[in-house]
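Enquirer: Below are the structure tokens for one structure; questions will follow.
Please treat every number below as a calculation from the coordinates, not as lab data. Computed from a predicted structure; not experimentally measured. Ideal geometry is used to build each Cβ from the backbone, glycine not excepted, and the neighbour counts take in all protein chains shown.
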Amino acid sequence: MITESEIAAFEDPAGPEIDEDGQLLLDLEGYGGPIDVLLTLAREQKVDLTKISILALAEQYLAFIERARKLKLELAADYLVMASWLAFLKSRLLLPEPEDEGEPSAAEMADALAFQIRRLESIRQVGARLFAQPQIDRDFFRRGAPEPIQIDRKSVFSLGLFDLLAAYGQYLARQDQKLYTIEPFMLHSVETAIERLSQMIGRLPGWTLLSQFLPSYDPNKVESGEQRRLIGRSAVAAMFGATLELAKRGVVNIRQDGSFQPIYIRSSPSNNGPDRTGTA
Amino acid sequence: MSADDFDTIRLIEALLFASADALPEKELARYCPEGVSVKDVLKRLETDYSGRGVNLVERGNSWAFRTAADLGDRLRIEKIQARKLSRAAVETLAVIAYHQPVSRAEIETIRGVATARGTLDVLIEANWIKPGRRRETPGRPGTWVTTEEFLDHFGLSGLADLPGIDELKATGLLDKRPAIQTLTEPDESADDDADTDDQTGSLF
Amino acid sequence: MSADDFDTIRLIEALLFASADALPEKELARYCPEGVSVKDVLKRLETDYSGRGVNLVERGNSWAFRTAADLGDRLRIEKIQARKLSRAAVETLAVIAYHQPVSRAEIETIRGVATARGTLDVLIEANWIKPGRRRETPGRPGTWVTTEEFLDHFGLSGLADLPGIDELKATGLLDKRPAIQTLTEPDESADDDADTDDQTGSLF
């Protein structure tokens, strides 16, 4: 059988610990999940693991989670799921069993949990026993001076499965990166707006709404609503920029009758600059 | 024992002695002439070397000469400092060794925790585990099994030689299904391949 | 021969077996307890192994086990050079393994780089790939598939045992990317492929 010292040697020094008050130390990093916490608590019951009191265990676990919450420790979802499951199990264990044969009874659920804990415990123990076995290159040895003999091995290439899988993994990872290219977006520029405005302005008499100069929307080009909105906004911004630029050059006059009111422009009657500019 | 037989014994002895790695029985069989059984040759060598400082040992279906384990402490030979494995890696290796073939979902059911990235990596890199057959169940999940290097590393002649495996079998703890199923249904899979449900993620 | 003597014989036998070099007699003498002569131990071992497939030989006051010289031819001693495969060859093999049957042109499309002369040759030489069926498409291109030896070498019982993409991710093998990738920087990992950016057609 396995000895306590073997278990202790196997267990990481950073593993679960019990403090002097018999309370589980709240070092969550040290635990390998909620079943591990339960196993540690069950060991504390100092009974044969086949005789664990699941009810007592559920209460201890819930108290453990409560303390963690009070200390505002961040608990992984697993721990909280186990807590609510145990709370549910506890209430069912305390209440008389309803006569429903469809699903497992509370006692069966408790047994299942006890089995789960014992199974993990058994894995812990055999893991320790495995590493207590004599190990190669430490306790026993292979031939130190192997002689170069060809034993009809078909390949002499040194390539392990790990290398092969890693190569494919790297290739796939590279493929992933290629998917992250950003496509150029169709947006209007001030330059094209200036060109458009310059061409149109001479042909229109008097004050004209700025929005009339906006390029019409081409339904063949654009797919999503989001893109359409962005393109619309870029067209307005570009046209406004173009208007200011042409006003500066004295080509157009701008008029706005108040904040947030429509903006009008017209071809400048003279090249002496605008006769009236609105607030922008 | 004919002279012919002894000649084959010498040849196989030399082959095994020359190699640092275990050699598959079927590879060695190719050196046996018609009428000589490789099993007999290996049995004979095993007996010849039993009790000596060097023993012939079985590793799965492969064979190798290794120094006797009881001499370990007294051999002043450069020993390789084994890399310390994390608790999670030791536990995962134990689950794979004792429950194999085992899917990742089953490993997680047994350990009650998701397998952290890199845990399996470490075991693959150590050459201790490899992919086994896929399950012929929905989703065709892949499984993990241990390698011959694993047996050689821990000085095991086969999986039946795993310490404590008989006790686990006897107490029903080798059942890798979610716990709630183990209560109500007989374990038809025994310790072999199973058609366990791989959509776990529930606690049991 | 006392039990003590035999214990020393076993110890020295194990040392000679596990040592990478021939061991000087005076070093071996240090393992002999009071009253046991190293010469006697070595003589005894020499006798035990005489006529066997492995012999204890003396080389200028040093001792070592060597396979019997008369078996030399039959052990077909050749210098085995463990050759390392190039990155391109490993990746090509992985692509063939996962995408087979796959034509050369398809391999190039998948890897995004021309297959260098010799890359496939190396894989054929290793006996890991072989020609598959021709495609019934224009040009009837030949395809490549993996061999039985490929499965054998990697310890797989079938192609279906190769871990899937999700499983590779789970083991962490896919997680080789740097944590932050700057959008504007060229893809540095693709140092050996050049003409892969043609799918980003500009709109203007």
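Enquirer: Given the options B:ASP161, B:ASP40, B:ASP152, state which has the largest fluctuation in a GNM of chain B using a 10 Å cut-off (strictly under) for Cα springs.
Expert: Highest fluctuation of the listed residues: B:ASP40.
Enquirer: Turning to a different aspect of this structure: Just to confirm the numbers: C:ASP70, label point 7 angstrom along the Cα-Cβ line, distances to the other copies in nm, shortest first?
Expert: Output for C:ASP70: 3.4 nm, nearest copy listed first.
Enquirer: Using only helices, what value at 222 nm comes out for chain B when you add -39,500 (n - 2.57) per DSSP H run of length 4 or more and divide by the total residues, to the nearest 500 deg cm²/dmol? Spell out each step's value before the answer.
Expert: Numbers: 9 runs with 79 residues, N = 204.
Calculated at 222 nm, the ellipticity per residue is -11000 deg cm²/dmol.
Enquirer: Going by alpha carbons, how many degrees (0 to 90, nearest 10) lie between the helix axis of B:3-18 and the longest principal axis of chain B?
Expert: Approximately 50 degrees, to the nearest ten.
Enquirer: Is there a simple number for the mean count of other chain Cβ atoms within 10 Å of the Cβ of residues in B:87-94, and what is it? Each step should come with its number before you reach the end.
Expert: On the way: counts 11, 4, 1, 9, 8, 2, 4, 10.
Whole-number average of other-chain Cβ neighbours for B:87-94 is 6.
Enquirer: A further question follows. As an exercise, use a Förster radius of 41 Å and the Cβ-Cβ distance of A:GLU97 and B:SER157 to find the FRET efficiency, rounded to the nearest 0.05.
Expert: Computed FRET efficiency for A:GLU97 and B:SER157 comes out at 0.25.
Enquirer: Starting from a label point 7 Å past Cα on the Cβ side, list the distances from C:ALA20 to the same position in the other copies, nm, shortest first.
Expert: C:ALA20 label point versus its equivalents elsewhere: 0.8 nm.
Enquirer: How well do other chains shield peptide C:125-131, expressed as the mean number of their Cβ atoms within 10 Å of each residue Cβ?
Expert: 2
Enquirer: Determine, for each peptide in B:162-171, C:130-139, the mean count of other beta carbons within 10 angstrom over its residues, then list the peptides with the highest first. Kindly include the intermediate steps, with their values, before the conclusion.
Expert: On the way: B:162-171: 15.6, C:130-139: 10.9.
Put in order of decreasing packing, that is B:162-171, C:130-139.
Enquirer: Provide an ascending nm list, one decimal, of label-point separations from B:LYS169 to the equivalent residue in each further copy; define each label point as 7 Å from Cα along Cα→Cβ.
Expert: Here B:LYS169 shows inter-copy label distances of 3.9 nm.
Enquirer: For a Förster distance of 41 Å, can you work out the FRET efficiency between the beta-carbons of C:ALA114 and B:ALA69, rounded to the nearest 0.05?
Expert: Computed FRET efficiency for C:ALA114 and B:ALA69 comes out at 0.15.
Enquirer: Of A:GLU147, C:GLU13, how do they rank once you tally other Cβ atoms within 10 Å and put the fewest first?
Expert: Final ranking by Cβ density, sparse to dense: A:GLU147, C:GLU13.
Enquirer: How many Lys pairs in chain B lie less than 23 angstrom apart by Cα atoms, where the lysines are 8 or more positions apart or on different chains?
Expert: Step by step, the pairs that qualify in chain B add up to 5.
Enquirer: Relative contact order for chain B: what is it in percent, counting Cα pairs under 8 Å that are at least 6 residues apart?
Expert: Values: 231 pairs, mean separation 38.2, N = 204.
Relative contact order, chain B: 19 percent.
Enquirer: Suppose every K and R has +1 on its Cβ and every D and E has -1 on its Cβ; what is the size of the dipole of the range A:36-114 about the Cα centre, in Debye to the nearest 20?
Expert: Rounded to the nearest 20 debye, it is 660 debye.
Enquirer: Compute the acute angle (0 to 90°) between the alpha-carbon long axis of helix B:87-99 and the principal axis of greatest extent of the alpha-carbon atoms of chain B; round to the nearest 10°.
Expert: Once rounded, the angle reads 80 degrees.
Enquirer: Related question: Can you tell me how much longer the chain between C:GLU25 and C:VAL145 gets when fully stretched, taken as 0.36 nm per residue apart minus their C-alpha distance, in nm with one decimal? Don't skip to the answer; put the middle values down first.
Expert: Values: separation 120, 0.36 × 120 = 43.20 nm, distance 5.57 nm.
Gain on stretching C:GLU25 to C:VAL145: 37.6 nm.
Enquirer: Would you mind computing the Rg to Rh ratio of the range B:21-142 from its alpha-carbon coordinates, Kirkwood style for Rh?
Expert: My calculation of the ratio gives 1.08.
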